[in-house]
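The values are calculated or read from the model by the stated rules, or taken from the named source; none is laboratory data. Bear in mind that the values here come from a model prediction, so they are computed numbers and not experimental data. Cβ placement follows ideal geometry from the backbone for every residue including glycine, while neighbour counts extend to all protein chains displayed. To get the accessible areas, we keep the full protein, side chains included, count just its heavy atoms, and leave off ligands, DNA and RNA. Shrake-Rupley method; radii C 1.70, N 1.55, O 1.52, S 1.80 Å.
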Amino acid sequence: MSEKSIVEIVTEWDIVTARQQGRNEAKAIGFTTVDQARIATAISELAKNIYLYASEGDIIIERLEENNRIGIAITAIDKGPGIANLQSVLEDSFSNSGSSSVGIPAVKRLMDKLEIESEVGKGTKVRIEKWLKR
Amino acid sequence: MGYLQVQYEKILSDYLKNQSEENLYIGQNYIRQLIQKNITPEEVINIHKQAVEQLHGTLPKYVEHAYDFLIEVMVHYGLKVKEHQSLLMKQEELRIEMDIATKIQNLMLKTNIPKLNQIDIGMVSVPVRKMNGDYVYFLQDDGHHVSVAVTDVVGKGVPAALCMSMVKYGLDTLEYANNNPSYVLEVLNRIIEKSVDDSMFVSLFYGRFDVENNIFTYGSAGHEPAFYYNAKESKFYDLESKGLLLGILPEVKYRQSEIHLNDGDFIIMLTDGVTEFRKLEELDSRQLIRDIVMKFKHLNAQQMCDELYKQILCYQNYQLEDDFTVVIMKK
Ligand SMILES: Nc1ncnc2c1ncn2[C@@H]1O[C@H](COP(=O)(O)OP(=O)(O)OP(=O)(O)O)[C@@H](O)[C@H]1O
Ligand SMILES: [Mg+2]
């Protein structure tokens, strides 16, 4: 593992910065335009959740290298209110009906892997990974 | 992916040569493959972009960026579509569960119309939707009494169905058909008031027929008045009884009254689905029912119920607005 970059999410504009950083990294790793778009969208969702529900936190972007394959990992960490019912967050539902974003289940579809840890009152950590197809 | 890309390039280049219908048709069949393989919208646009680049040569930056923009926003669009599909699947699962629940409800609430020589009984109960909000239950002891409860649960769907099971088990617990209607209503009221949500009410008409003495005793909890037809006078009476709906207050007293039935007399018990027509508000529906029944009073109780249903359905243009239930007891 190498090359870590951290974007602090405090204002809505930081979401854009996080998207940009993630896209640059994804491009450097060699992801296709389509996958770059997917990775940027996933980062956008996680960053927006931090901004909306925890008010501040970090997006950490890193390059993955292991057994001759490479990929990208993004971790969203905050010390916000946490999520009480993780099970329901992972299911599709009409969360904010009519909202423009698409939520955690969609982020999972865009990536190869999603892990979520959360404790009420302590904070939330979501880690996502995507590997380069060869 | 490579194979799909090559195929698409071929189809697109054929189409660009001569914009024929045949090529469009081939294109449609190709899209079917994409759907089967779960190719997302952004992927499809990327395939198209690359095919155009392949056929045309490097695109002007302007056009290339326009494609990239479309790919970008389509990621989002694709997710929304996926979410929608997965919700539709969930809905389908719920529908299947609902069907099973309905079957169980019908089985649980099944009641048999008593067959006696001394009194002729008929019934029709038709739900508008899958789950019936009306419920009829007959009780019978060894030849002395036959009782009937006609109920209408205010509220629809699953909660109403569950409430109905409670009424049934309440009646089962009372066990004997010879209980006084006022007593039955008081007990049911207590059960429902305790256990049901505040927004759920039940109207119930309870009648008991004493087979040896030909006495019909009845009480009502906020239910549509029954009709009593006196054959000798050739006249209808409303069996009104102003009891409170079940489940509103804990300790309610209910009154009961009795009438003596002579040959040719009959009682019609019904729910408001029979008397309320939204489309024909000015119509006196109770008069209409009396008129219809007069025409068919020579038939047996079941045939009378069937005819009444047919005629009312016709008045409602064959579209019931509410669950329809009628029970006739004829001496
Ligand atoms: N970082 C977080 N801290 C606290 N709660 C969170 C966090 N992220 C998500 N949640 C909770 O989980 C729920 C689901 O999040 P998700 O992103 O899937 O959907 P949403 O944000 O409600 O709707 P959408 O993203 O579609 O607008 C949120 O409504 C919120 O209550
Ligand atoms: Mg969200």
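Brief remarks follow.
- Viscosity 1.306 mPa s, temperature 10 °C, Stokes-Einstein D of the stretch B:2-90 from Kirkwood C-alpha radius, µm²/s: 111 µm²/s
- Exposed chymotrypsin sites (Phe, Trp or Tyr not before Pro) absent - longest run of chain B, DSSP non-H/G/I/E/B, at most 14 other C-beta within 10 Å: B:1-175
- Residue with peak Gaussian network fluctuation, chain B [Cα springs, cutoff 10 Å], from B:D99, B:D68, B:D265: B:D68
- Relative to the longest principal axis of the Cα atoms of chain B, helix B:285-296 runs at roughly 70 degrees.
- Taking all protein chains as shown and a probe of 1.4 angstrom, B:L79 keeps an accessible surface of around 10 Å².
- Separation in nanometres of the label points that stand 7 Å from Cα toward Cβ, at B:C314 and A:N67: 7.8 nm
- Surface composition of chain B: carbon and sulfur make up 55 percent of the accessible area, probe 1.4 Å.
- Averaged per residue, the stretch B:99-166 has 48 square angstrom of accessible surface, using a 1.4 angstrom probe with ligands and nucleic acids left out.
- Among B:F205, B:V158, B:T173 the positive-end extreme of the charge dipole of the stretch B:115-263 (Cβ point charges): B:V158
- For A:I6 and A:E91, a Förster radius of 25 Å and the Cβ-Cβ distance give a FRET efficiency of 0.25, rounded to the nearest 0.05.
- Applying 1/(1 + (r/R0)^6) with R0 = 56 Å to the Cβ-Cβ distance of B:H144 and B:L87 gives a FRET efficiency near 0.50.
- Only DSSP H runs of four or more residues enter the estimate; each adds -39500 (n - 2.57), and after division by the residues of the protein assembly as shown the mean residue ellipticity at 222 nm equals -14500 deg cm²/dmol.
- Exercise: per-residue mean of other protein chain Cβ atoms within 10 Å, B:180-186: 0
- For B:M131, the solvent-accessible surface computed with a 1.4 Å probe is close to 20 Å², ligands and nucleic acids excluded.
- Averaging the sequence gap over all C-alpha pairs within less than 8 Å and six or more residues apart, then dividing by the number of residues, gives chain B a relative contact order of 17 percent.
- The stretch B:168-224 and the stretch B:120-135 have Cα centres spaced 18 Å apart.
- Cα-based helix-to-principal-axis angle, B:41-56 vs chain B, degrees rounded to 10: 20 degrees
- For chain B, a Gaussian network of Cα nodes joined below 10 Å ranks B:E186, B:E83, B:E21 by mean-square fluctuation, and the top entry is B:E21.
- In the stretch B:28-98, trypsin sites (Lys or Arg not before Pro) in a DSSP loop with at most 16 other beta-carbon atoms within 10 Å: B:K37
- Minimum 40 Å² accessible area buried by the other protein chains, the stretch B:74-100 residues, probe 1.4 Å, relative to alone: B:V75, B:H76, B:L79, B:K80, B:E83, B:L87, B:K90
- Relative to the longest principal axis of the Cα atoms of chain A, the long axis of helix A:33-49 makes an angle of roughly 30 degrees.
- Here the gap between B:M108 and B:D198, fully extended at 0.36 nm per residue and compared with their Cα-Cα distance, gives a gain of 29.9 nm.
- According to the Kirkwood relation over distinct C-alpha pairs, the hydrodynamic radius of chain B is 24.5 Å.
- Loss of accessible area when B meets A, both sides summed, Å² nearest 100, probe 1.4 Å: 1500 Å²
- Inter-label distance for A:E56 and B:L162, nm, one decimal - labels placed 7 Å from Cα along Cα-to-Cβ: 4.6 nm
- Given charges at beta-carbon only (K, R positive; D, E negative), |dipole| of the stretch B:117-270 in Debye: 500 debye
- Taking chain A and dividing mean pair separation by its residue count, relative contact order in percent (alpha carbons under 8 Å, at least six apart): 26 percent
- The stretch B:1-88, relative contact order [Cα under 8 Å, separation at least 6], %: 33 percent
- Once the chain from B:R32 to B:F296 is taken as fully extended at 0.36 nm per residue, the excess over their C-alpha distance is 89.0 nm.
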